[in-house]
1. Among the candidates Ile46, Ile66, single out the residue that is more than 16 Å from the ligand (Cβ to nearest atom), buried (at least 17 other Cβ atoms within 10 Å of the Cβ) and without any contact (Cβ under 8 Å) to a residue 24 or more places away in the chain.
2. Check His54 against each of (1) over 24 Å from Ala101 (Cβ atoms); (2) within 14 Å of the chain's Cα centre (by Cα); (3) within 16 Å of the ligand (Cβ to nearest atom); (4) not charged (D, E, K, R) and name the one condition it does not meet.
3. Among the strands (runs of 3 or more DSSP E) confined wholly to region 80-125, which include 1 or more residues that are surrounded by 15 or more Cβ atoms within 10 Å (Cβ to Cβ) and among the charged types (D, E, K, R)?
4. Among the residues of region 1-43, which ones are in a loop (DSSP other than H, G, I, E, B) and polar (S, T, N, Q)?
Amino acid sequence: MNMKCPCGNEQDFKSCCELIHRDISKAETAEKLMRARYAAFAVGNIDFLYDTFHPTTRRLQHKKEIESWAKQNKWMQLEILNSTRSSVEFKAHYLDQNLDAQVHHEKSKFKQIQHIWYYVGMLIN
Ligand SMILES: [Zn+2]
């Protein structure tokens with residue numbers, strides 16, 4: 001049985017975000033990286049989440065914190081609201097520890113290093 005990709009594309013995980021989890025250079029756009037990061041929350045791929053931070057903000061991250069945020073919630077659905085070349089606005093729908101429905105709404109900023117996209121953080125307007 002193939003698993004549908006958690007990012008919401010009508011494709012199997014194997015032929016969608018898992019390809020990017022195996023090779024970050026396969027995310028040709030910021031949105032593809034964003035989708036793969038959401039899928040990484042859903043499947044608990046903490047190394048991928050850590051490694052796809054841009055080096056300027058990666059040094060502020062802790063794998064343990066990423067892991068507890070990923071694992072204490074149940075990731076239900078990703079909704080892309082808008083994306084530009086270097087930003088993605090999305091809503092991540094999840095259930096918290098008490099199984100209450102929550103929405104994380106974020107506009108994310110991405111930057112390339114040698115043609116590879118990295119997640120910088122939230123855009124502050
Ligand atoms: Zn996907």
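1. Just a single option satisfies the conditions, and that option is Ile66.
2. Unmet for His54, out of (1) over 24 Å from Ala101 (Cβ atoms); (2) within 14 Å of the chain's Cα centre (by Cα); (3) within 16 Å of the ligand (Cβ to nearest atom); (4) not charged (D, E, K, R): (3).
3. Those strands (runs of 3 or more DSSP E) span 87-95, 101-113.
4. Asn2, Asn9, Gln11, Thr29
Computed from the coordinates by the stated procedures, all read-outs in this text should not be read as laboratory data. If you're wondering where the values come from, they're calculated on a predicted model, not measured in any experiment. Don't worry about glycine lacking a Cβ; one is built from the backbone with ideal geometry, like all the others, and counts go over all protein chains shown.
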